[in-house]
Structure formats: C-alpha cells, structure tokens
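Below is one structure; the comments refer to it alone.
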Amino acid sequence: MEQPIKNLNFIDLKRQQQEIKQELEQAVLRVMSHGNYILGPEVAELESNMAEYLGIKHVVTCANGTDALVLVLRAQNIGYQDVVFVPSFTFAASAEAVRLVGATPCFVDVDPKTYNIDTNSLLQAIDFIKKEHPELKPKMVMPVDLFGRPCDYDLVNQIAQEHNLFVLSDSAQGFGAEYKAKKSACFADATTTSFFPAKPLGCYGDGGAIFTNDSELCHLLKSLRVHGKGADKYDNVRIGTNSRLDTMQAAVLLEKLKIFPKELEHRQTVAMLYNKYLNGLVQTPVIDSQYKSAWAQYTIVLPENIAREELMAHLQEQGVPSVVYYIKPLHLQTAYNDMPCVNNQLPVTEHLANRVLSLPMDGYLQPEMVEAICYKIKSFFECAV
Ligand SMILES: *Cc1c(COP(=O)(O)O)cnc(C)c1O
C-alpha cells in the first residue's frame with residue numbers, strides 16, 4: 001500500500017522562521033525598546049534596502065497590497081467614468097481597488113501559457129470601450145504578475161504609450177521576479193506588491209509597498225498614506241488615508257529580505273524539479289528565457305480527462321495539499337459581473353479557472369518531497385486512463 005506523505009504544508013512558513021528565529025526575535029524586541037511603532041527607523045531602512053535590491057529609485061511602504069493599488073489610483077486621480085483594464089484571472093483585490101476609487105474595471109483575457117494579460121485582448125478591450133462606452137475614459141492598464149511570472153512589459157508599455165494609459169503593475173505575487181535581467185518592479189509607471197504572509201516575501205501580518213522611479217508620485221504617495229499631510233504636519237493639503245506599514249512588520253521584513261535571494265533560488269530549483277517530473281503529464285508553467293518567476297505559486301493546467309476534484313481528493317488523502325487559484329474569474333463574480341468585459345466573454349480565463357491547480361511551493365521544500373508529490377500525481381493519472 002502507498003503511504004501518505006507526512007507533514008507537508010501548502011506553504012511552510014515555520015522552516016523559514018527556524019532559519020532566522022533569533023534575528024527575528026531581536027528585531028522585534030528592538031522595536032519594542034525604541035518604541036517608534038509608527039513610521040519608525042526600520043520603515044525607512046526597509047524602503048532603502050528594498051530600493052537597492054530592486055534597482056528602483058523609490059519604495060513607499062503601506063498597510064497592505066490592496067491599499068498600495070488604491071494609493072496609486074488616487075495619486076493618479078482615477079475615479080468616476082475612468083476605465084482601468086484588468087485581467088479577469090487574478091485575485092479580487094486587483095479589481096476591487098479600481099471600484100474603491102469609483103472607477104470601472106474592464107476585464108481582459110489572459111494568455112493560455114503564461115496566465116498573464118493577453119495584449120491582443122487588451123487592444124480589443126480598448127476598442128470595445130471606445131465604441132460601446134463612449135461615456136467612459138480609458139486611463140490605466142493594470143497587468144498582474146500572476147503566480148510570480150512577470151507579464152510582457154515591453155508589449156504592455158507599447159500599447160499603453162499608444163493609447164495614453166498609465167501602467168500600474170499589480171505585482172503582489174511577483175516580488176523578486178525578473179524580466180530581461182531587471183527586477184519586474186522597474187518596468188511599469190508604478191508597481192505594487194503585498195507582504196501578506198503567504199506571498200513570496202511575507203511579513204507577520206499585513207503589509208504592502210509601491211515601487212516607482214517617479215519622484216513626484218513618490219512624494220504624493222507619502223502624503224496620501226499619512227492623511228494627506230503637507231510639509232507642515234498639521235496642515236493636511238489633500239484628503240489622504242491611514243495606510244502605513246507597521247514598524248514591527250518592517251523589522252521582520254528587514255530580516256527576511258536578507259535571506260530572500262537564497263529562498264528565491266530554492267523556489268526556482270523546486271519549480272524546475274516539478275517541471276521535470278510532470279513534463280508530458282500536465283501543462284507545466286511556461287517561463288521563457290527572458291523571464292524569472294518569483295514562484296508565488298507553482299500552477300499546472302490539467303488535461304481534459306482528469307477530474308480536478310477527484311485528483312485533489314486523492315492528493316489530500318495522500319497528504320498533499322493543493323489549491324485552485326482562481327476557481328471563479330472576476331468577470332463572473334457577483335460583485336463584478338456588471339462590469340464591462342471584452343466581447344462579454346473571456347474563454348481562456350474560463351478554461352484556466354476550470355483546469356488549473358497549484359501545488360505546494362516555498363523556499364524550503366525538499367527535492368525528495370517534490371519527487372514524492374509528483375509520484376502521487378502520476379499514480380492518480382495512471383488509474384485515470
Ligand atoms: C494578495 C494580492 C493582492 C492584495 O494584497 P493584500 O496585501 O492582501 O491586500 C492584490 N493582488 C494580487 C494579485 C494578490 O495576489
């Protein structure tokens with residue numbers, strides 16, 4: 001009889017903690033003793049270290065990845081009757097941020113191989129809005145580095161330039177990813193990320209950040225995250241909000257950032273092992289040579305003859321957790337199904353939502369474990385044919 005795998009988590013955050021437990025404890029205790037809980041020295045230090053790591057001029061941290069999107073939308077004055085083009089195959093926060101400022105997300109299809117925004121669909125969507133909704137103004141495109149893989153920034157930027165769209169990249173899953181040997185944070189007008197615990201670089205609570213080379217935008221974002229403060233702390237010059245990264249979280253992130261490059265390499269190794277063992281069995285993630293994924297998720301596409309629910313149940317029985325990201329595309333969700341959507345259907349998005357499956361992935365998953373997981377998948381496939 002096959003034995004189930006023991007102690008396998010979908011994302012193992014404990015192993016990482018063991019690695020730097022002392023450093024983390026000291027970092028948190030330092031914050032407790034200096035007492036600058038809001039925008040303390042660790043926040044500025046993190047912003048500076050992160051800017052250096054990413055090769056970008058400005059890092060503005062904030063309360064979470066959703067706020068990061070909202071802050072940029074607000075800084076760009078996006079609101080009522082403005083349209084932001086968003087892929088439908090993403091986490092709800094991408095479109096939610098657009099709705100929160102009163103603007104309209106127009107849903108765009110994705111590429112079947114990369115799961116990222118399909119630029120042909122984007123062009124169709126721009127046409128669609130101009131023809132069908134002349135009352136709305138196309139203002140922005142929000143590509144998403146889904147599962148950690150950067151989108152095709154050259155193509156997106158080119159289309160954005162031709163149509164006068166601001167590019168806001170939702171890289172909540174893409175921290176550390178690369179395109180053409182540069183970090184993916186460097187290509188859009190502004191890029192946001194999330195430090196939610198399960199993201200590639202996670203803190204011990206909520207956190208987020210915005211990356212940009214635009215000094216004016218950086219200045220505006222730093223005002224918006226503290227109630228619209230002006231040069232004089234008690235003269236608020238605009239309506240802002242309260243969206244700061246806690247000093248405690250910055251202290252945790254400073255320690256985690258130090259080991260992040262090593263973890264990223266390990267994720268890459270794990271992904272290549274998965275590719276090797278699953279090759280020919282399922283559609284494995286396609287990452288061309290100019291791209292490096294941050295591997296937020298390792299996501300496969302199942303063939304038509306495999307019942308996903310049954311496979312997941314089998315894997316669960318065998319001790320292998322798996323998750324479907326994302327089972328319901330945004331254009332079909334209750335809160336968003338009245339928003340415009342190019343040609344009123346997104347076939348690739350709908351196909352992927354039915355067929356994808358994400359497997360365990362983190363910076364510490366052992367090669368033998370990857371092999372064992374793939375063996376469990378193979379044995380199910382053999383019974384299915
Ligand atoms: C996680 C995530 C967000 C939101 O980040 P929070 O920090 O949870 O607010 C936004 N977009 C995408 C694609 C995400 O995966």
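The values are calculated or read from the model by the stated rules, or taken from the named source; none is laboratory data. As the structure is a computational prediction, the values presented were derived from the model and not from experiment. Virtual Cβ from ideal backbone geometry, glycine too; neighbours counted across all protein chains shown. Heads up: the accessible areas ignore ligands, DNA and RNA and are worked out on the full protein's heavy atoms, side chains in. Shrake-Rupley method; radii C 1.70, N 1.55, O 1.52, S 1.80 Å.
Side notes on the structure shown:
- Scope segment 40-69; condition buried (at least 23 other Cβ atoms within 10 Å of the Cβ) and within 15 Å of the ligand (Cβ to nearest atom); matching residues: Val60, Thr61, Cys62, Gly65, Thr66, Asp67, Ala68, Leu69
- Residue in segment 272-282 that is under 30 Å from Leu54 (Cβ atoms), of a type in the set (S, T, N, Q) and modelled with pLDDT of 95 or more present: yes
- Any hit, segment 256-273, residues being open to solvent by less than 30 Å² (accessible area, probe 1.4 Å), part of a loop (DSSP other than H, G, I, E, B) and over 12 Å from Arg355 (Cα atoms): no
- In segment 165-180, residue most open to solvent (accessible area, probe 1.4 Å) [restricted to those that are more than 14 Å from the ligand (Cβ to nearest atom) and touching a residue at least 60 places away in the same chain (Cβ under 8 Å)]: Lys180
- Cβ-Cβ distances below 6 Å connect the following pairs, each with a first residue in segment 293-313 that is open to solvent by 20 Å² or more (accessible area, probe 1.4 Å) and part of a loop (DSSP other than H, G, I, E, B), a second residue that is of a type in the set (S, T, N, Q) and within 16 Å of the ligand (Cβ to nearest atom), and a separation of six or more residues or different chains: Gln297/Ser358.
- All positions within segment 352-385 that are out of contact with any strand residue (DSSP E or B) (no Cβ under 6 Å at 6 or more places or on another chain) and closer than 14 Å to Ile306 by Cβ: Asn354, Lys376, Ile377, Lys378, Ser379, Phe380, Phe381, Glu382, Cys383, Ala384, Val385
- Any hit, segment 71-91, residues being modelled with pLDDT of 95 or more, within 16 Å of the ligand (Cβ to nearest atom) and open to solvent by 10 Å² or more (accessible area, probe 1.4 Å): yes
- Contact annotation: residue pairs with Cβ atoms under 8 Å, 6 or more positions apart or on different chains, pairing a residue in segment 196-218 that is open to solvent by 10 Å² or more (accessible area, probe 1.4 Å) with a partner that is within 10 Å of the ligand (Cβ to nearest atom) and assigned to a helix (DSSP H, G or I), are Phe196/Gly65; Lys199/Gly65.
- Considering segment 158-247, the qualifying strands (runs of 3 or more DSSP E), each wholly inside and each with 2 or more residues that are farther than 13 Å from Val70 by Cα and under 21 Å from the mean Cα position of the chain (by Cα), run over 166-170, 208-212.
- The one condition from (1) in a loop (DSSP other than H, G, I, E, B); (2) hydrophobic (A, V, I, L, M, F, W, C); (3) more than 12 Å from the ligand (Cβ to nearest atom) that Leu123 does not meet is (1).
- All positions within segment 92-110 that are within 16 Å of the ligand (Cβ to nearest atom) and surrounded by fewer than 20 Cβ atoms within 10 Å (Cβ to Cβ): Ala92, Glu96, Arg99, Leu100, Val101
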